[in-house]
Amino acid sequence: MQTLKRGSQHAANALMNSTHTPAAGTGDEASPSTIDYISSRPFSSPNSFRSSQSVGSFIDISKMRLTVLNSLIWATAVALPLSASAVPCKSSSKLRRIRADKSSGQDGKCSISLGRRTAAPIVIPIPKPIIPIPHPVVPIPIPIPHPVIPTLPHPGVPEPLPKPQPEPVPQPEPVPQPEPLPPKPAPEPKPEPAPAPVCKRAGGCSPITDIDQETLRKKGQDSQKDLDDTLVANPPPADKQVDPVTLHYDNARSEGEPFFDEPEFFNSIPNGPQYSDEGWVENRITMKNAPAEEPGLPPPAVLDTYSNPEMKTMVIADSKNAEIDSIRALRWSDMAMDHWRSVAGANVGDLKMMIRGNIKTERKTSPLDTMSTIDLVVTRVTANGGDATAMQTFRRKSEGDELANYQLIAGTPHGDRVLKMLKDFHGELGNLNVEAFHVFRPGTVNGPGDSTEYLIVIEFGR
């Protein structure tokens, strides 16, 4: 440090001695310890130095010829730590402010004396060491596998057999796709329906169409199936429970034969009973307190029946429940079963035959009423040369046209209601079923009375 100070001092002295030259004749001796820096407003010439004692003497730096050594000495002097001492200035201007003042006698100039100063030691701070802050290292847990503890077999206990591996299920072979069907041919025009049979009753005949025939046949088929399913059900369903007839209607009973008593009629029926004129009981059901249609005659009957337990036969002489019964408390089958039960007693299951006579009621919901259906089936069965005046029989256990004709008769009100009676009271009747329908129409040989009415004889069996 002392060597640096001495070198700086010598450089300053040499610079001042080599650059400051007093003007001739002025008697101005340059001081080796000071350099006057002439301050002006601005300098009249850049890089000009003038003496504080002689205005006329100055150094023009631009005309100076400096050697390399002097240049180095100059640069060193500029970097020297010099202290400035202000010389009192007559002007009111602040220090370092150049202001022209013509009245001061100094041409507005103030001088600053530069002298050596004691160089302050340069304190270089020692940087603090950077101590890194250690971050805690969290170890990654390593999963410890659980040890496999072998299962030791118990003494005397056999080791379990390994489970058999399921055999691979064979994949089904791809099903060959059927070839596309050829387009359906255009439907052939339907043939015109056959002409309706000749009407043989007064008032004309209802038109018959194929749609009506199929609808009626399907109804008879379904009614027969319901009865068959009931008879084979296990356990069998319970019979229908109904009120007694006398709870809702008047019921008059008397002895008397039906309106027809020709033995030839009964004898013409296959498996028919031997006719007897004894043992017939008439049962007449009317509305309660119904007035008579004519004086001396009974009121109109809702249901008029004749039953003969010895002949195991029941005759439905007249049935007008659809026209007269205004309360509909019981169905036709309930009334008919009540009458047969009352006369047959313990032999109620011996019923062999039911005759639906005096068929005159036409259906109002379809062109096919019972009379038209009888004409239809007789025409179909005799179309290829059969006898249209003979009684026709259609059995349940038949096929083809005969079975279709059976189903047509079963779909009429006079066949469907009998099937419902057998279904509702199957337990009491001992699982009776219909075996056949024997149909008559006006003009049928050996028909009842004078053969002027439609009639169906229903044969029962098991």
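The values are calculated or read from the model by the stated rules, or taken from the named source; none is laboratory data. Note that the structure is predicted; figures quoted are calculated from it, not measured. Cβ placement follows ideal geometry from the backbone for every residue including glycine, while neighbour counts extend to all protein chains displayed.
Can we say Ala329 is within 25 Å of Pro413 (Cα to Cα) and assigned by TED's automatic domain parsing to the domain that holds His414?
Against the criterion (within 25 Å of Pro413 (Cα to Cα) and assigned by TED's automatic domain parsing to the domain that holds His414), Ala329 qualifies.
Identify the residue in the range 308-326 that is charged (D, E, K, R) and modelled with pLDDT under 90 and, among all such residues, is farthest from the chain's Cα centre (by Cα).
Looking at the filtered set, the residue picked out is Asp318.
Could you say whether any residue in the range 151-159 is among the aliphatic types (A, V, I, L, M), modelled with pLDDT under 75 and not assigned by TED's automatic domain parsing to the domain that holds Thr76?
Yes, some residue in the range 151-159 is among the aliphatic types (A, V, I, L, M), modelled with pLDDT under 75 and not assigned by TED's automatic domain parsing to the domain that holds Thr76.
Out of the strands (runs of 3 or more DSSP E) lying entirely within the range 255-322, which hold 2 or more residues that are charged (D, E, K, R), within 22 Å of Asp334 (Cβ to Cβ) and assigned by TED's automatic domain parsing to the domain that holds Leu455?
Correct list: 281-287.
Answer yes or no as to whether Asp401 is acidic (Asp, Glu), within 30 Å of Ser342 (Cβ to Cβ) and surrounded by fewer than 22 Cβ atoms within 10 Å (Cβ to Cβ).
Spelling it out, it is not the case that Asp401 is acidic (Asp, Glu), within 30 Å of Ser342 (Cβ to Cβ) and surrounded by fewer than 22 Cβ atoms within 10 Å (Cβ to Cβ).
Which residue pairs have Cβ atoms closer than 8 Å, lie 6 or more positions apart in sequence or on different chains, and pair a first residue in the range 389-408 that is farther than 14 Å from Val434 by Cβ with a second residue that is hydrophobic (A, V, I, L, M, F, W, C) and in a loop (DSSP other than H, G, I, E, B)?
Thr389/Val445; Ala390/Val445; Met391/Ile269; Met391/Val445
Look at the range 267-292 and say how many of its residues are within 20 Å of Val343 (Cβ to Cβ) and touching a residue at least 40 places away in the same chain (Cβ under 8 Å).
Adding up the residues that qualify gives 5.
Does Pro270 qualify as being under 20 Å from Ile458 (Cβ atoms) and surrounded by fewer than 14 Cβ atoms within 10 Å (Cβ to Cβ)?
Yes: the conditions hold for Pro270.
Identify, from the list Leu429, Leu422, Leu351, Leu408, the residue that is in the same structural domain as Ser307 (by TED's automatic domain parsing), over 53 Å from the mean Cα position of the chain (by Cα) and modelled with pLDDT of 90 or more.
So the residue among Leu429, Leu422, Leu351, Leu408 that is in the same structural domain as Ser307 (by TED's automatic domain parsing), over 53 Å from the mean Cα position of the chain (by Cα) and modelled with pLDDT of 90 or more is Leu351.
Condition test on Pro145, is it in a loop (DSSP other than H, G, I, E, B) and at pLDDT 60 or above?
yes
Just to be sure I understand, how many residues within the range 332-351 are surrounded by fewer than 17 Cβ atoms within 10 Å (Cβ to Cβ) and in contact with a Gly (Cβ under 9 Å, 6 or more places away or on another chain)?
Looking only at that region, the number is 2.
Pick out the one residue from Ala329, Ala301 that is closer than 20 Å to Asn251 by Cα, surrounded by fewer than 19 Cβ atoms within 10 Å (Cβ to Cβ) and at pLDDT 90 or above.
Only one candidate qualifies: Ala329.
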